[in-house]
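Q: The structure that follows is given in the form of structure tokens.
The values are calculated or read from the model by the stated rules, or taken from the named source; none is laboratory data. Remember, predicted model here, so these are calculated numbers, not experimental data. Using ideal geometry, Cβ is built from the backbone for each residue, glycine included, and neighbour counts are taken over all protein chains shown. SASA here: full protein model, heavy atoms, side chains in, ligands and nucleic acids out. Shrake-Rupley method; radii C 1.70, N 1.55, O 1.52, S 1.80 Å.
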Amino acid sequence: MLGFIVRRLLSSLLVIGLASFVVFAIFYLGPSNPAQPICEGAGGRCTPERLEAIEKQMGLDKPVVSAYGEFMGGIVKGREIDFGASQYDCDAPCFGISFGTRTPVTDELKERIVPTVLIAVGGSIVFLVVGVSIGIAAAARRGSAGDRLLVSGSLLVSSVPYYLVCLLAWIFLTLQTSLFPDTGYFPITEDPLKTFGGLLLPCLVLGVATSPSYARYTRGQMVETLGDDYIRTATAKGLPRRTVLFRHALRAAIVPIVTIFGLDFGALLAGTIFTETIFSIDGIGRWGLQALQAPLDLPVLTATVLVGALFIVLSNLIVDVVYGFLDPRVRLG
């Protein structure tokens, strides 16, 4: 187990490094020059000499490999950054200085990661509880009118684009009916109840919109498991239906669901863009989207990609380890 974890950690570090370098190089060498809007908005005419000076201040005059090496070095050991007339002593982990706000990216990241994690965790709880429950109920009534109704309802919900679900929920439940009047993120250290109330609707929307997938996964796995010989044997022994469903069938069916959940949870943490944008929550997804606006905020974009990749590879690692414990037939190698 230890050797497996070490190998996966090393491969995960490689994946994170490659993903961040590709994004860094694409925007660093891309047609959009982050220094151009700053030069044009600085007053006076944007001469080539002034543009070159601003590029030097922003560290955009170096080869891409050298610039990326400095960026990654700052994450490990910190660095000093000259930004025009200002000098920043950026402690590790240093993701650089935001081109837009002129503040350390690490400080902004610490503020924005909390609401994103809370939304992802809250939404995950909702779609696991709702989706798995619907899937179990549909499998237990396989072929009945209730089964067809549950499956059709889940397909209907999943056919609506997620951004539209968010927008309609915000319009009808926040603006018109005021059932959730105070949506948004409020610091949990100040008022936990207000934090819960502000994120309740975003978590419910995210969870309900994602639950149909888990309802289908669970139903499919449960139907397949209920046809196995050991389930028929347990039923023939006279075990209660509830025991057969939850102690035997669900235990076997839950393994692939855990795998899918790990991947989905990592993706949720990597960027809940629509949820954060529509409900005006300053999380990582919305932050990364804002960084694409002029001037292109390269340090923020690279930081969001690094964090997103980290979430995804860690979720994969945790799922692989948990998978080995849930299914004795799996051998980690």
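Q: Would you check if residue 157 is closer than 24 Å to residue 278 by Cα, in contact (Cβ under 8 Å) with a residue 24 or more places away in the chain and within 21 Å of the chain's Cα centre (by Cα)?
A: The answer is no for residue 157.
Q: Of all residues being open to solvent by 60 Å² or more (accessible area, probe 1.4 Å) and hydrophobic (A, V, I, L, M, F, W, C) in the range 161-175, which is modelled with the lowest pLDDT? Just the residue, please.
A: 175
Q: Let me ask you something else. Inspect all residues belonging to the range 276-289 and state whether any of them is open to solvent by 50 Å² or more (accessible area, probe 1.4 Å), out of contact with any His (no Cβ under 9 Å at 6 or more places or on another chain), closer than 22 Å to residue 308 by Cα and modelled with pLDDT under 85. Walk me through it before giving the result.
A: Our first condition is that a residue be open to solvent by 50 Å² or more (accessible area, probe 1.4 Å); within the range 276-289, this holds for 277, 280, 282, 286, 289.
Adding the requirement that they be out of contact with any His (no Cβ under 9 Å at 6 or more places or on another chain) leaves 277, 280, 282, 286, 289.
Pick out the ones that are also closer than 22 Å to residue 308 by Cα and you get 277, 280, 282, 286, 289.
Filter once more, keeping what is modelled with pLDDT under 85: none.
Checked against the condition, which is being open to solvent by 50 Å² or more (accessible area, probe 1.4 Å), out of contact with any His (no Cβ under 9 Å at 6 or more places or on another chain), closer than 22 Å to residue 308 by Cα and modelled with pLDDT under 85, the range 276-289 yields no hits at all.
Q: Tell me whether the range 200-217 contains one or more residues that are of a type in the set (Lys, Arg), open to solvent by 30 Å² or more (accessible area, probe 1.4 Å) and under 30 Å from residue 253 (Cα atoms).
A: yes
Q: Would you mind stating whether residue 54 is aliphatic (A, V, I, L, M), surrounded by 12 or more Cβ atoms within 10 Å (Cβ to Cβ) and in contact with a strand residue (DSSP E or B) (Cβ under 8 Å, 6 or more places away or on another chain)?
A: Answer is no for this residue.
Q: Against the definition (farther than 24 Å from residue 282 by Cβ and touching a residue at least 60 places away in the same chain (Cβ under 8 Å)), how does residue 134 come out, yes or no?
A: Yes, satisfied.
Q: Could I ask something else about it? Which helices (runs of 4 or more DSSP H) does the range 8-126 wholly contain that include 1 or more residues that are modelled with pLDDT under 85?
A: Filter on the range 8-126 gives 35-40, 48-57.
Q: Can you work out which of the residues in the range 64-74 that are open to solvent by 40 Å² or more (accessible area, probe 1.4 Å) and of a type outside the set (Gly, Ala, Ser) is farthest from residue 23 (Cα to Cα)?
A: Once the filter is applied, the top-ranked residue is 70.
Q: For the range 23-51: of the residues being open to solvent by less than 70 Å² (accessible area, probe 1.4 Å) and β-branched (Val, Ile, Thr), which is nearest to residue 296 (Cα to Cα)?
A: Checking each candidate, the answer is 38.
Q: Oh, and also: Residue 178 passes all but one of (1) open to solvent by less than 70 Å² (accessible area, probe 1.4 Å); (2) more than 21 Å from residue 133 (Cα to Cα); (3) touching a helix residue (DSSP H, G or I) at 6+ places or on another chain (Cβ under 9 Å); which number fails?
A: (3)
Q: How many residues are without any contact (Cβ under 8 Å) to a residue 60 or more places away in the chain and closer than 23 Å to residue 114 by Cα if we restrict to the range 175-186?
A: 4
Q: Something else about it: Taking the stated definitions as given, is residue 91 surrounded by 13 or more Cβ atoms within 10 Å (Cβ to Cβ) and among the acidic types (Asp, Glu)?
A: Against the criterion (surrounded by 13 or more Cβ atoms within 10 Å (Cβ to Cβ) and among the acidic types (Asp, Glu)), residue 91 does not qualify.
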